[in-house]
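The values are calculated or read from the model by the stated rules, or taken from the named source; none is laboratory data. It should be emphasised that the depicted structure is a prediction, and the values quoted were computed from it without experimental measurement. Ideal geometry is used to build each Cβ from the backbone, glycine not excepted, and the neighbour counts take in all protein chains shown.
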Amino acid sequence: MIGAKGKDSYQQMRLNYFLAALGELLQHMDGIDARYALALPAHRQFVDLMLDLPAWVRAHLGLCFFLARPASDGSVEVGVFPPEGYGR
């Protein structure tokens, strides 16, 4: 399951989006063997918030993040954290 949230210009709204997305994901988790992800804009505040989650929590939940940003050619670049095999 992947939950996605959009970009907002207000710092508090980004925090609210992050916490809401994380809460929604936690409520919909249905198995310990599943892997879960959140898709977020590649914004510094979202990166800081995801890094603030303890690594053991991310590992225990099987949680990763997709960070997306517009590319210069009009496409979308997507990065994944943690990278495959990180902490597993």
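Some points to look at:
- Number of positions in segment 58-83 that are loosely packed, with under 11 Cβ neighbours inside 10 Å and out of contact with any Lys or Arg (no Cβ under 9 Å at 6 or more places or on another chain): 7
- Residue check for GLN27: modelled with pLDDT of 90 or more and touching a helix residue (DSSP H, G or I) at 6+ places or on another chain (Cβ under 8 Å): no
- Residue pairs meeting the criteria (Cβ under 8 Å; at least 6 apart or on separate chains; first within 18 Å of LEU26 (Cα to Cα), in segment 39-61; second assigned to a strand (DSSP E or B) and of a type in the set (Gly, Ala, Ser)): ALA39/GLY3; ALA39/ALA4; ALA39/ALA68; LEU40/ALA4; LEU40/ALA68
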